[in-house]
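Participant: Dropping a structure here in structure tokens format, bear with me for questions.
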Amino acid sequence: MLIIAGSLQVEPGTREAYLAGCEDVMARARATAGCLDFLLAADPLEPDRIHVYERWESAEQLAAFRGSGPDDAQEAAILDADVRRYLIASVEAP
């Protein structure tokens with residue numbers, strides 16, 4: 001299992017428009033084989049921060065979904081990104 005997690009930074013005041021532009025991507029990801037969860041969400045305290053959270057069954061399924069990545073407008077809106085890929089060996093219930 002893979003977890004992709006971190007944050008993006010966009011200009012304050014543009015975050016809601018950025019997230020609205022990502023709704024189709026989130027829906028398509030969640031409908032993709034191997035996607036266990038996919039979310040981009042506004043940080044409640046920082047007006048320029050977006051949280052990234054994804055869970056995938058395998059790296060191959062993630063790669064098949066990613067394709068070319070964000071479109072040019074989305075990529076241009078990202079001022080900074082700190083997103084990491086975590087390889088999970090086992091999962092336990094709390």
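Participant: Calculate the translational D of the chain in whole µm² s⁻¹ from Stokes-Einstein, where the hydrodynamic radius comes from the Kirkwood formula applied to all Cα pairs, the temperature is 4 °C and the viscosity 1.567 mPa s.
Facilitator: The estimated diffusion coefficient comes to 93 µm²/s.
Participant: If you don't mind, another one. Note down the nm distance, to one decimal, between modelled labels 7 Å out along Cα→Cβ at Leu19 and at Glu60.
Facilitator: 3.6 nm
Participant: How high is the relative contact order of the chain, given as a whole-number percent (alpha carbon pairs under 8 Å, six or more residues apart)?
Facilitator: Across the chain, relative contact order equals 46 percent.
Participant: While we're here: Considering only Asp82, Asp43, Asp72, give the residue with the highest GNM mean-square fluctuation for the chain, with springs between Cα atoms whenever their separation is below 10 Å.
Facilitator: Asp72
Participant: Quote the FRET efficiency, to the nearest 0.05, computed for Ile4 versus Leu79 with a Förster distance R0 of 25 Å and r equal to the Cβ-Cβ distance.
Facilitator: E(calc), rounded to 0.05, equals 0.85.
Participant: Another question, then. Counting helices only, and only those DSSP H runs with n ≥ 4, report the 222 nm mean residue ellipticity of the chain as the sum of -39,500 (n - 2.57) divided by its residues, in deg cm²/dmol to the nearest 500.
Facilitator: Value at 222 nm, helices only: -8000 deg cm²/dmol.
Participant: Name the residue, out of Leu79, Leu40, Leu62, whose mean-square fluctuation peaks in a Gaussian network model built on the chain with Cα pairs under 10 Å.
Facilitator: Among Leu79, Leu40, Leu62, the largest GNM mean-square fluctuation belongs to Leu79.
Participant: Can you tell me which of Gly13, Gly34, Gly21 moves the most in a GNM of the chain? Springs connect C-alpha atoms under 10 Å apart.
Facilitator: Gly13
Every read-out reported here was derived from the displayed coordinates using simple, explicitly stated rules and does not represent laboratory data. Please read all numbers here as calculations on a predicted model, not as lab measurements. In this analysis, Cβ positions are derived from the backbone assuming ideal geometry, glycine residues included, and neighbour counts consider all displayed protein chains.
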